[in-house]
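Colleague: Could you have a look at this structure, given as structure tokens, before my questions?
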Amino acid sequence: MSGLIPEDLRYHKEHEWVRLDGQKVTLGISDFAQDALGDVVFVDLPKVDTEMTANQEIGEVESTKATSSLYSPVSGKIIEVNDELQDHPEYLNRDPYGKGWIAVIELANPVDVDALMTASQYEEFLSSQS
Amino acid sequence: MKHTSLYEAHVARKAKIVDFAGWAMPLQYSGVLDEYHAVRATAGLFDVSHMGRLHVEGPGAVPFLQRVTTNDVQRIEPMGAQYSMICNPEGGVKDDIFVYRLGAEEFLLCVNASNLDKIRGWLFQQQGDEQEELRIEDQSEELAQLALQGPVSKSLLQAHVQSSLDELKPRRCLRETVGGVECLITRTGYTGEPGYELYVPAKQVRLVWDRLMQAGQDFGLKPAGLGARDLLRLDMGYLLYGNDLTETTTPIEANAKWVVSFDKGAFIGEPVLKRQVREGPSRRLVAFELLEKAVPRHDMPLFAQDKPIGTVTSGNLSPVLQKGIGMGYVESAYTETGTAFDVEIRGKRVPARVVGLPFYKKPRPPA
């Protein structure tokens, strides 16, 4: 199953999504990713002000089953993280595109977003993986 | 992958299926945490038919089992059960098992799924003079196995059996019919909760599963998978073969001296184990908790300052304690409760300290 894939987001091959808002993006993991991970019990969040390049590992998502790395699909700087996930890691499972957002990134190269998959491309990508 | 007799029941309940030792087993149904909490609060029903069941019978059974297992089978009364281990001649653990004594000369051995072929072969190979008076039969296929675990297990099961379950004490067994199906009911488990295991003819296990699931609706019973089972056992510090026990770790190193009897006569591995008790093992399994929120996992290295002192064998985040907990073998100098060391989690050192077991102590019910 590919889960929910909202049309207005862009997707990364490691199953992160971004929502573009001017010069910044909000980052999270896809419904497919949260379902594959199972119950999330801990999110090792990136630190605010961290600068990173696209595809760099910025954190970890721990589920009852395994650990999975969190990648930034874009280059830029972390300007906000979702601290509520410290107490409510389950938001990643319950609302991956809403309350389960992970970080806000100020884009270094706004064109990075264009390189990411659209909803239909991501859906195709998921079906090619299974 | 092999299917247990309940595979269709799991698929019908939309279980997530994983390969476990060659078996297609339910990892989870409603979710690992949901099932975990159900077992702690009400009850969970597990299909553990993937485990191996070996029947050992005859006048040679007692001397044979005294030689191949570490514990003293003569201390098991008929219809009693005992945790034990099977060692290699070097004292390493070939498997950790449950031995059920069904009669004076009749036993059922419950072995790990991953070890069934190895243990069956080993037992046949180790038959000596008793061979004529011993019958070893692999009943893994004809018998299925369920685990009903959790505080409401007794009330739930009582309505379906004649005998009073108040009389069934821990590690005791009972033959009963559940829904017309002959079962061996044992008061054992791997969760730290009160509960039972049911050994049921594989052909009829679906009837028993459905009946218990149906009856359990009013009790908050949930089907529970291997994910919940692993978290539940880790909370208690119960050992998992392949992680905490292997052919190169001994029962003494694993703090399981209590399952080794040194006064019953010779057994396989005894000389090495005796020497380890006398001299003290150079490493030991310890339980630890992390002092910062993080999740230790199997194979992560342990350090005291910059010195490597051991490896994590089991680890996870305990849902009730909300702490990273784990077990691992460390050099003997670091086994005292309260000892501090670090777990290296993806290049980062996270402080931990040695604690006593179980990690999770059940709150006493209000009087």
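Readers should treat all values here as calculations from the given coordinates under stated rules, not as data from a laboratory. Here the structure is a predicted model, which is why all the values come from computation and not from measurement. Neighbour counts are summed over all protein chains in view; Cβ atoms, including those assigned to glycine, are modelled from backbone coordinates with ideal geometry.
Colleague: Can you tell me how much longer the chain between residue B:213 and residue B:74 gets when fully stretched, taken as 0.36 nm per residue apart minus their C-alpha distance, in nm with one decimal?
Modeller: 46.3 nm
Colleague: Using 32 Å as the Cα-Cα cut-off, could you pick out the over-long pairs in B:14/B:203; A:47/B:323; A:13/B:118; A:47/B:16?
Modeller: On the way: B:14/B:203 22 Å; A:47/B:323 21 Å; A:13/B:118 42 Å; A:47/B:16 34 Å.
Violating the 32 Å limit, Cα to Cα: A:13/B:118; A:47/B:16.
Colleague: Using Cα-Cα distances under 8 Å and only pairs 6 or more residues apart, what relative contact order does the range B:282-358 have, in percent? If you can, show how the numbers build up before the last one.
Modeller: Values: 195 pairs, mean separation 29.4, N = 77.
With pairs under 8 Å counted, the relative contact order is 38 percent.
Colleague: Right, another one. For the protein assembly as shown, take the convex hull of the Cα atoms, compute a quarter of its surface area, and give me that in nm², please.
Modeller: 25.9 nm²
Colleague: So if the hydrodynamic radius of the range B:1-87 is defined as the Kirkwood radius over C-alpha pairs, what does Stokes-Einstein give as its diffusion coefficient at 4 °C and 1.567 mPa s, in µm² per second?
Modeller: Once the numbers are plugged in, D ends up at 81 µm²/s.
Colleague: Along each principal axis of its Cα atoms, how long is the range B:308-367 end to end? Whole angstroms, biggest number first, please.
Modeller: Here the spans come out as 48, 25, 17 Å, largest first.
Colleague: One-quarter of the Cα convex hull surface for the range A:43-130, in nm²? Don't skip to the answer; put the middle values down first.
Modeller: Numbers: hull surface 25.5 nm².
That works out to 6.4 nm², a quarter of the Cα hull's surface.
Colleague: Select from A:75, A:126, B:350 the residue farthest towards the positive end of the dipole of the protein assembly as shown; place +1 on Cβ of Lys and Arg, -1 on Cβ of Asp and Glu, and compute about the Cα centre.
Modeller: Highest projection toward the positive end goes to B:350.
Colleague: Ok, one more. Can you flag which of B:293/B:361; B:94/B:307; A:65/B:154; B:169/B:293 are past 32 Å Cα-Cα?
Modeller: B:169/B:293
Colleague: Kirkwood Rh over alpha-carbon pairs of the range A:1-78, then Stokes-Einstein at 20 °C and 1.002 mPa s: what D in µm² s⁻¹, rounded to an integer? Please report the intermediate quantities before stating the final value.
Modeller: Numbers: Rh = 13.1 Å.
Answer from the Stokes-Einstein relation: 164 µm²/s.
Colleague: Moving on to the next point. Tell me the Rg and the Dmax, in Å, that the Cα atoms of the range B:52-138 produce.
Modeller: Using the Cα atoms of the range B:52-138, the pair Rg, Dmax is 11.5, 32 Å.
Colleague: Could you calculate the FRET efficiency of residue B:139 with residue B:30 from 1/(1 + (r/R0)^6), where r is the beta carbon distance between them and R0 is 35 Å, rounded to 0.05?
Modeller: Approximately 0.65, to the nearest 0.05.
Colleague: Convex hull over the alpha-carbon atoms of the range B:127-251: what's its volume per residue in Å³?
Modeller: Dividing the Cα hull volume of the range B:127-251 by its residues yields 159 Å³.
Colleague: For the range B:76-181, go through all pairs of different Cα atoms, get the mean of 1/r, take its inverse, and jot down that Kirkwood value in Å.
Modeller: Details: mean 1/r = 0.0621 Å⁻¹.
That comes to 16.1 Å for the range B:76-181.
Colleague: Using the Cα atoms as the points, what is the convex hull volume per residue of the range B:250-337 in Å³? Each step should come with its number before you reach the end.
Modeller: Details: hull volume 10.7 nm³, N = 88.
Hull volume over Cα atoms, normalised by residue count, gives 122 Å³.
Colleague: Largest first, please: the extent of the C-alpha atoms of chain B along each principal axis, to the nearest Å.
Modeller: 62, 52, 47
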